[in-house]
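Quick notes on the structure that follows.
The values are calculated or read from the model by the stated rules, or taken from the named source; none is laboratory data. Being a predicted model, the structure only gives us computed values, none of them experimental. Cβ: placed from backbone, ideal geometry, glycine included. Neighbour counts: every protein chain shown. Ligands, DNA and RNA are excluded from the accessible area calculation, which covers all protein heavy atoms including side chains. Shrake-Rupley method; radii C 1.70, N 1.55, O 1.52, S 1.80 Å.
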Amino acid sequence: MYQWMAEACGNTFLVLFAVSEQSRGVHLHLDNLRRHGRWSFDTALVLLQASSGAVRMYVLERDGSQSNMCGNGLRAAGCVLDKLGLPRLVTIGSTTVMPVDRVRPGVYEVSLQVELLETRLLSCNEPIFSLYLVSGEPHVVAVVPDIDRVPLARWGKRFTPQANCTIVSKASRTKIIARTYERGGVGITESCGTGACAAAHAVYDLFDSGRTTYEVLMHQHSLHVAIGTRCTYLKGPAVVHSIT
């Protein structure tokens, strides 16, 4: 088993690469980190080598749960596969093989499926919340005038662990500002790839301005989202900090 620390737009990952026979040892290792308070990263990504040439990725959270998708993590996995000299092909859950494209050194792009499931007004004192699935990962999204003047933590605790909670506001015609409260025990995170995609779709669906590309600002981090006819493209940096 090999392990790396990786980062993508402020999200930190422990990436474990192993063959299928080592999967039990990987899970025991992660349980040991939780038990001894040594989970010093946001999310663990387990990459199991498969005979097809792709790797199967599991997204394991701080609280022991498993997420369906992680956009920043998928790009981080692509960076690790680059280091190993392996094809940047990843399978998550029941999805088909997903390529991770290297746009330039340190910048990767992935394509995700975004589906709007429902829109609901929970109370007259709150905004409208829309539920999106981003390649299987649920996000409840609200478009608000000012992200700094809404109780994201309170809303996030209401919707988790069933879904992540993302808020978004427009900064300009091409830029939007978003924050995500992630399920899995992460809380308000530095950035979120699937959250950025859901935020872009929420702005697009609400304003329908014909704009299909957005720069999504999350804290000090920038992600680029392009809404296509069949899929949504997420682009941003990813780096491997250490190899052990």
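With K and R counted +1 and D and E -1, the other residues having a Cβ less than 15 Å from that of Arg104 yield a net charge of +1. Counting only heavy atoms of the protein chains and using a 1.4 Å probe, Asp205 has close to 70 Å² of accessible surface.
For Lys175, the lysines whose Cα comes closer than 23 Å to its Cα, not counting residues fewer than 8 places off in the same chain, are Lys235.
Here the 3J(HN,Hα) profile of the stretch 42-50, calculated from phi with Karplus coefficients 6.51, -1.76 and 1.60 at θ = phi - 60°, is 6, 9, 9, 10, 9, 10, 9, 6, 10 Hz, Gly and Pro shown as x. Counting only residues at least eight positions apart within a chain, or on another chain, the aspartates and glutamates with an alpha carbon under 19 Å from that of Lys83 are Glu7, Asp101, Glu109. Rounded to the nearest whole Hz, the Karplus-based 3J(HN,Hα) values (6.51 cos²θ - 1.76 cosθ + 1.60, θ = phi - 60°) of the stretch 160-168 follow the sequence 7, x, 5, 8, 6, 10, 10, 10, 8, with x at glycine and proline. To the nearest Å, what is the center-to-center distance of the stretch 176-229 and the stretch 45-77, using C-alpha atoms only? After rounding, the separation between the Cα centres reads 21 Å. Averaged per residue, the chain has 46 square angstrom of accessible surface, using a 1.4 angstrom probe with ligands and nucleic acids left out.
A helix-only calculation puts the chain at -6500 deg cm²/dmol for mean residue ellipticity at 222 nm, using -39500 (n - 2.57) for each DSSP H run of at least four residues, averaged over all residues.
Amide H contacts of Thr91: Val55, Arg56, Met57, Met98, each under 5 Å away and 5 or more positions distant or on a separate chain (H built 1.01 Å from N in the peptide plane; Pro and chain starts excluded). Working from the alpha-carbon coordinates of the stretch 77-211, get Rg over Rh, Rh being the Kirkwood radius. That ratio equals 1.00. Of the solvent-accessible surface of the chain, computed with a 1.4 Å probe and all protein chains present, 50% belongs to carbon and sulfur. If you take all other residues with their beta carbon under 13 Å from the beta carbon of Asn32, and give Lys and Arg +1 and Asp and Glu -1, the sum is +3. The largest-to-smallest principal axis extents of the Cα set in the chain are 53, 38, 31 Å.
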